[in-house]
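Let me give you the structure first, and then I'll get to my questions.
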Amino acid sequence: MSDTPAILHSPNDLKDWMAAGCKPREAWRIGTEHEKFGYRNADLSPLPYEGADGIHAMLSGLMQFGWQGKFEGGTLVGLVRSEEAGGGSVTLEPAGQLELSGAPLENIHQTCAEVSRHLKEVQAVAEKLGQSYMGIGYSPLWGLDEAPQMPKGRYQLMNQYMPKQGGRGLEMMYLTSTVQVNLDFGSEADMVEKLRIALALQPLATALFANSPFKNGRPTGHVSERSLIWLDTDGARTGMLPQAFEEGFGFEQYVDYALDVPMYFVMRDGKFIDALGMSFRDFMAGNLPALPGEKPTASDWEDHLTTLFPEARVKRFIEMRGADSGPWSSLCALPALWVGLLYDSSTQTQVADLIADWTQAERDELRVQSPLLGLQTPFRSGTLLDVAREVLQLAEQGLKNRARSDGAGGDETQFLAYLQKVVADGQSPAEALVKKFHEEWNGDVREAYKELAF
């Protein structure tokens, strides 16, 4: 048998590749990803790649826990762990934000245990290196001039392209940190319903998890600087996907959208080939200027899908992309929210009904206002806080219906505690940080590093 990758010849092949992600309910899994900023304890400066206390040293140190190196041109740029050892991967964002891409797991008890295991491993290595890591959505102190750059080919290409497509693309790359959850779907219709719910409620997730109120050492007046940045970052590949709410939307229409987004790169023999601004449609026809005569493989298509950045993204699963990185407990709360809403059929139906009459204008306005005003964002006759109360109750019911036990009498609803406090307080986490900045920290944002360190 040949090991030559299968060629994708038509948009139908692309659609079929995505549709292959449909799984029976019993095979649905939860994949959580979170990023975090590392810094030197001595002066709170960001971590370079090289050096005795740099990112390379962290990656090397983590190998004692069963991680194996991922290399690009001989350079260590990430880690993977075998399924037998727990699975997952550790990757580097452009400024060295350390990301855990978790294994696909059956319940949130397992997901939270995975997050805790990873953070304890990072702590153990960081202590020896004089480092710490924090969960926050936007760098509170250093800016682009101080941000280090990681030796990854993809990011070198993006450095050239991003400034041409929006005013804040480089900030997105080098100064932001996020947490997301990846969820499965059972059919094309289920994908569409889940995607519509995900898109409609991403502004709510932004408000609930808003945790980036500082820039250059001062409050910005906004609750999520990270989310605001996406409003001025390459409009061709970002946003709220209004086409997802049109009648007849499905895999074919998502493929059409993805084909219209300009390319970044093609991978060949472990190297990034510049395809900036080129067309995947031309690639399908064998007319890609970067690779004349070649046609794409499934791996090329999957790579291209990773360069799309809407608020919720479809591959062979759906990625929820609206939340800032935050404290330890928030990393378990995000999957709890979305699993509660989307992994119990009766709850998913209720949520679909809740957002069914929201207009595109309302969804767009929520997307613009939620990073500014958080839970106080006006919506119809109330605010996003009112929506949050209703949605959180639905998520709790969905988790109760799932009835996944931790073996000690507790179910997955325990992981909503972080959000229940946010809603009870009636304010986004960012607002609590700003209050401390003024009342407890004497205007010194460096205290945030202590407050938010893992």
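Just the residues that are small (Gly, Ala, Ser), assigned to a helix (DSSP H, G or I) and within 20 Å of the chain's Cα centre (by Cα), please, taken from the stretch 109-142.
So the first thing to find is which residues in the stretch 109-142 are small (Gly, Ala, Ser), and the list is 113, 116, 124, 126, 130, 132, 135, 137, 139.
Adding the requirement that they be assigned to a helix (DSSP H, G or I) leaves 113, 116, 124, 126.
Of everything in the stretch 109-142, those that are small (Gly, Ala, Ser), assigned to a helix (DSSP H, G or I) and within 20 Å of the chain's Cα centre (by Cα) turn out to be ALA113, SER116.
So, one more: I want to confirm something. Restricting to the stretch 402-454 and keeping residues that are assigned to a loop (DSSP other than H, G, I, E, B) and hydroxyl-bearing (Ser, Thr, Tyr), which single residue is surrounded by the most Cβ atoms within 10 Å (Cβ to Cβ)?
Step one: of the stretch 402-454, the residues assigned to a loop (DSSP other than H, G, I, E, B) are 403-411, 426-428, 440-446, 454.
Checking which are hydroxyl-bearing (Ser, Thr, Tyr) leaves us with 405, 428.
Values: SER405: 12, SER428: 30.
Of everything passing the filter in the stretch 402-454, SER428 is surrounded by the most Cβ atoms within 10 Å (Cβ to Cβ).
If you take the residues in the stretch 205-224 that are of a type in the set (A, V, I, L, M, F, W, C) and surrounded by 24 or more Cβ atoms within 10 Å (Cβ to Cβ), which one is nearest to TRP441 (Cα to Cα)? So that I can check it myself, show each step before the final result.
Within the stretch 205-224, the first condition is being of a type in the set (A, V, I, L, M, F, W, C), and the residues that meet it are 205, 207-210, 214, 223.
Filter once more, keeping what is surrounded by 24 or more Cβ atoms within 10 Å (Cβ to Cβ): 205, 207-210, 223.
Working: ALA205: 27, ALA207: 24, LEU208: 23, PHE209: 22, ALA210: 20, VAL223: 18 Å.
Among those residues, the one meeting the criterion is VAL223.
Taking the stretch 143-200 as the region of interest, how many residues are among the β-branched types (Val, Ile, Thr) and in a helix (DSSP H, G or I)?
Counting residues in the stretch 143-200 that are among the β-branched types (Val, Ile, Thr) and in a helix (DSSP H, G or I) gives 2.
Please verify whether the stretch 29-41 includes one or more residues that are part of a loop (DSSP other than H, G, I, E, B), touching an Asp or Glu at 6+ places or on another chain (Cβ under 7 Å) and within 28 Å of GLU99 (Cα to Cα). Show your work before the answer.
Step one: filter the stretch 29-41 for residues part of a loop (DSSP other than H, G, I, E, B), giving 29, 41.
When the remaining residues are screened for being touching an Asp or Glu at 6+ places or on another chain (Cβ under 7 Å), the result is 29.
Now narrow it down to the ones that are within 28 Å of GLU99 (Cα to Cα): 29.
Yes, the stretch 29-41 has at least one match.
Going by the structure shown, is PRO335 outside any loop (DSSP other than H, G, I, E, B), under 20 Å from the mean Cα position of the chain (by Cα) and under 13 Å from GLN202 (Cβ atoms)?
Numbers: outside any loop (DSSP other than H, G, I, E, B): yes; under 20 Å from the mean Cα position of the chain (by Cα): yes; under 13 Å from GLN202 (Cβ atoms): no.
The answer is no for PRO335.
Can you list residue pairs whose Cβ atoms sit under 6 Å apart, with the first residue in the stretch 116-138 being more than 29 Å from HIS222 (Cβ to Cβ) and the second being part of a loop (DSSP other than H, G, I, E, B)? Count only pairs 6 or more apart in sequence or on different chains.
LEU129/ASP53; GLY130/ASN41; GLY130/ASP53
Looking at the stretch 279-302 only, could you name the residues that are surrounded by 19 or more Cβ atoms within 10 Å (Cβ to Cβ), in contact with a strand residue (DSSP E or B) (Cβ under 9 Å, 6 or more places away or on another chain) and closer than 30 Å to VAL181 by Cα? Steps first, answer last, please.
Just the residues of the stretch 279-302 that are surrounded by 19 or more Cβ atoms within 10 Å (Cβ to Cβ), to begin with: 280, 283-284, 288, 296, 300-301.
Retained after the next criterion (residues that are in contact with a strand residue (DSSP E or B) (Cβ under 9 Å, 6 or more places away or on another chain)): 283, 288, 296, 300.
Once the filter is applied, which keeps residues that are surrounded by 19 or more Cβ atoms within 10 Å (Cβ to Cβ), in contact with a strand residue (DSSP E or B) (Cβ under 9 Å, 6 or more places away or on another chain) and closer than 30 Å to VAL181 by Cα, the stretch 279-302 yields PRO296, ASP300.
Could I ask something else about it? Among (1) of a type in the set (Gly, Ala, Ser); (2) touching a Pro at 6+ places or on another chain (Cβ under 9 Å); (3) surrounded by 15 or more Cβ atoms within 10 Å (Cβ to Cβ); (4) not in a strand (DSSP E or B), which single condition is GLY322 missing?
So GLY322 meets the others, but not (4).
Filter the stretch 228-252 for residues that are over 16 Å from THR306 (Cα atoms) and either acidic (Asp, Glu) or without any contact (Cβ under 8 Å) to a residue 24 or more places away in the chain (or both) and give the result.
Selection gives ASP232, GLN243, GLU246, GLU247, GLY248, GLU252.
Please go through the stretch 306-317 and pick out each residue that is among the aliphatic types (A, V, I, L, M) and surrounded by fewer than 21 Cβ atoms within 10 Å (Cβ to Cβ).
Within the stretch 306-317, LEU308 is the sole residue that qualifies.
Quick one: what pairs do we get from the stretch 189-216, first residue closer than 19 Å to ARG363 by Cα and hydroxyl-bearing (Ser, Thr, Tyr), second at pLDDT 95 or above and part of a helix (DSSP H, G or I), C-beta under 9 Å, 6+ apart or different chains?
If the second residue must be at pLDDT 95 or above and part of a helix (DSSP H, G or I), the pairs left are THR206/ARG226; THR206/SER227; THR206/LEU366; THR206/ARG367; THR206/SER370; THR206/PRO371; THR206/GLY374.
Okay, moving on. In a loop (DSSP other than H, G, I, E, B), of a type outside the set (S, T, N, Q) and modelled with pLDDT of 95 or more: is that true of LYS23 in this structure? Reasoning before the result, please.
Values: in a loop (DSSP other than H, G, I, E, B): yes; of a type outside the set (S, T, N, Q): yes; modelled with pLDDT of 95 or more: yes.
Against the criterion (in a loop (DSSP other than H, G, I, E, B), of a type outside the set (S, T, N, Q) and modelled with pLDDT of 95 or more), LYS23 qualifies.
Just one of (1) of a type outside the set (A, V, I, L, M); (2) touching a residue at least 60 places away in the same chain (Cβ under 8 Å); (3) closer than 24 Å to ARG226 by Cα; (4) touching a helix residue (DSSP H, G or I) at 6+ places or on another chain (Cβ under 7 Å) trips up THR413, so point out which.
Among (1) of a type outside the set (A, V, I, L, M); (2) touching a residue at least 60 places away in the same chain (Cβ under 8 Å); (3) closer than 24 Å to ARG226 by Cα; (4) touching a helix residue (DSSP H, G or I) at 6+ places or on another chain (Cβ under 7 Å), THR413 violates only (3).
The values are calculated or read from the model by the stated rules, or taken from the named source; none is laboratory data. Since we're looking at a predicted model, the values are computed, not measured. Because the Cβ atoms are built from the backbone with ideal geometry, glycine has one as well, and the counts that use them run over all protein chains shown.
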